[in-house]
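The values are calculated or read from the model by the stated rules, or taken from the named source; none is laboratory data. Source: prediction; values computed, not measured. Here Cβ is always computed from backbone atoms with ideal geometry, including for glycine, and neighbour counts include all displayed protein chains. The accessibility values were calculated without ligands, DNA or RNA, using every heavy atom of the protein model including side chains. Shrake-Rupley method; radii C 1.70, N 1.55, O 1.52, S 1.80 Å.
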Amino acid sequence: MKALVLKRYGKPDQVTFADIPRPQPGPDELLVQVHAAGLNPVDNMIAKGLFKPVLPLQLPATMGSDLSGVVVEVGSRVTRFKPGDAVFASIFDLSGTGALAELARVPESAAAPKPANLDFVQAASIPMVGLTSWQALKERAQLKPGQKVFIPAGAGGIGTFAIQLAKYFGAKVGTTTSTGNIDLVRSLGADEVVDYKTHQFEDVLRNYDAVLGTVRGDAIEKSLRILKAGSTVVSLVGPPDAAFARARGMNFLMVLVFGLLSRKIIRLASRHGVAYSFLFVRPDGSRLAEIGGLLEAESIRPVIDKVFPFEQAKDALSYLGQGRAKGKVVVQMR
């Protein structure tokens, strides 16, 4: 079958199409005919080798994390799905297969029924941003109705979903975006919108209860100025902390290294009475099914910037890497 594979870390020319053997599902897995694959910034970061210490791959490896498609075969212990079922899933951080292929192995525990009101392209745009937003806002930050959360880069893939989910949870949302995207983020529910071309968010926003760290550089340090004491910063972009290393069962040296990497931001956060943590999304089919229910109820809607055919998947990754997408970038196979 055809797949987009990473041959070696580092250079773009090491990502290429290849014919690879048809995967065989394990006892607890589905074999899914992929109709669409949603792209995420982490896909490019993995190809550059930035996640080698925490996400080792056996190269060559099929790329991609999010997919939607139709089950064509099930393992002997699978009970929730059957051939012909339409599903969507994130298989990020799961060994064995990627989403940018004609067929993919998907653990039953990672899969959920595709929302009936979404097509395959729309469904493929959801899994990682949906799960990340839920795990960050609800599980880690424990966001409550009436609280204020700052979600920077509101027009991006994670921002467009997280704003809507935070509003569903009853929170007030602040965000940043460029002038041309202000109407978009307001339509998603953002209450306070800062045009980063004309203002610094830390000079405008005040008394927030949580920050979802989505922007690299010094944005997380600056966000400490807008938070109340007792607030929470959940970073998706690092630095990773010692708690993350321990949770992944890393050795003492890596726990020490990550502790050193995060020492400055944790110290600064502590001075403000703020808790800092780093989040690495985990696949969760049960939670994804719950998110699917919100999509079916139209409490949340997909936001898609551009769709590429499978044969242009490398171009899609390149486009995503420019950082200008409004919503998600999706590769369509069928």
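Accessible area of segment 1-142 with a 1.4 Å probe: how many percent of it is carbon plus sulfur?
52
Just want the answer: with Cβ charges of +1 for Lys and Arg and -1 for Asp and Glu, which residue in 121, 58, 262 is farthest toward the dipole's positive end in the chain?
Sorting the options by dipole projection puts first 262.
What shape does segment 156-292 take by its C-alpha gyration tensor, where a ≥ b ≥ c are the square roots of the eigenvalues and a/c under 1.5 counts as rounded, a/b above b/c as prolate, and the rest as oblate?
Oblate.
How many lysine pairs are close in segment 55-213, with Cα atoms under 30 Å apart and the two 8 or more places apart or on different chains?
Total qualifying Lys-Lys pairs in segment 55-213 comes to 15.
Picking from 81, 161, 310, which is most flexible by a Gaussian network model of the chain using Cα springs under 10 Å?
81
Would you please classify the overall shape of segment 1-152 from the alpha carbon gyration tensor, given that a ≥ b ≥ c denote the square roots of the eigenvalues, rounded means a/c under 1.5, and beyond that prolate means a/b larger than b/c while oblate covers the rest?
In terms of gyration-tensor shape, oblate.
With r as the distance between the Cβ atoms of residue 77 and residue 52 and R0 = 41 Å, compute the FRET efficiency 1/(1 + (r/R0)^6) and round to 0.05.
The pair residue 52/residue 77 has a calculated efficiency of 0.80.
Label points 7 Å out from Cα along the Cβ direction at residue 299 and residue 251: separation in nm?
Placing both labels 7 Å beyond Cα along the Cβ direction yields 4.5 nm.
Considering amide H positions built from the backbone, and no H for Pro or chain starts, which residues 5 or more places from residue 49, or on another chain, come under 5 Å of its amide H?
Hits under the 5 Å cutoff: 10.
Using the Karplus curve 6.51 cos²θ - 1.76 cosθ + 1.60 with θ = phi - 60°, what ³J(HN,Hα) values do you get for each residue of segment 249-258, in whole Hz, with x for Gly and Pro?
x, 6, 6, 4, 4, 5, 4, 5, 4, 5
What does the accessible area per residue of the chain come to in Å², with a 1.4 Å probe and no ligands, DNA or RNA counted?
Result: 44 Å² of accessible area for each residue.
If you build a Gaussian network model of the chain, linking Cα atoms that sit under 10 Å apart, which residue out of 261, 103, 317 swings the most?
Maximum among the listed residues: 261.
Among 154, 38, 273, determine the one that fluctuates most according to a GNM of the chain built with springs between C-alpha atoms less than 10 Å apart.
Result: 273 has the largest fluctuation of those listed.
Mind jotting down the three principal axis lengths of segment 138-221 based on Cα atoms? Whole angstrom, largest first.
Rounded to whole Å, the extents work out to 32, 28, 21 Å.
Please give the charge dipole size of the chain, origin at the Cα centre, charges +1 on K and R Cβ atoms and -1 on D and E Cβ atoms. Round to the nearest 20 debye.
Using Cβ point charges on Lys, Arg, Asp and Glu, the chain gives about 880 debye.
Considering only DSSP beta bridges with both partners in the chain, what is the antiparallel share in %, to the nearest 5?
Rounded to the nearest five, the antiparallel share is 60 percent.
What FRET efficiency comes out for residue 168 versus residue 8 if R0 is 35 angstrom and r is the Cβ-Cβ distance? Round to the nearest 0.05.
Result of the calculation: an efficiency of 0.25.
Taking amide H positions as placed in the peptide plane 1.01 Å from N, state which residues far from residue 54 in sequence (5 or more) or on other chains have amide H under 5 Å from it.
Hits under the 5 Å cutoff: none.
Report, to the nearest whole %, how much of the accessible area of segment 246-303 belongs to carbon and sulfur atoms, 1.4 Å probe, protein only.
55
How many nm separate the modelled label positions at residue 139 and residue 290, each set 7 Å beyond the Cα in the direction of the Cβ?
0.9
If you project the alpha carbons of the chain onto the principal axes, what extent comes out on each, in Å, largest first?
Projected onto the principal axes, the Cα atoms of the chain cover 54, 47, 38 Å.
Using modelled amide H (1.01 Å from N, peptide plane; none on Pro or chain starts), what sits under 5 Å from the amide H of residue 303, excluding residues fewer than 5 places away?
HN-HN under 5 Å from residue 303: 328.
With no solvent and one equal point scatterer per Cα, compute the Debye intensity ratio I(q)/I(0) for segment 1-51 at 0.18 Å⁻¹ and report its log10, rounded to two decimals.
For segment 1-51, the Cα-only Debye profile gives -0.77.
Work out the length of the dipole vector of segment 239-283 about its Cα centre, built from +1 on the beta-carbon of each Lys and Arg and -1 on the beta-carbon of each Asp and Glu, and round it to the nearest 20 debye.
60
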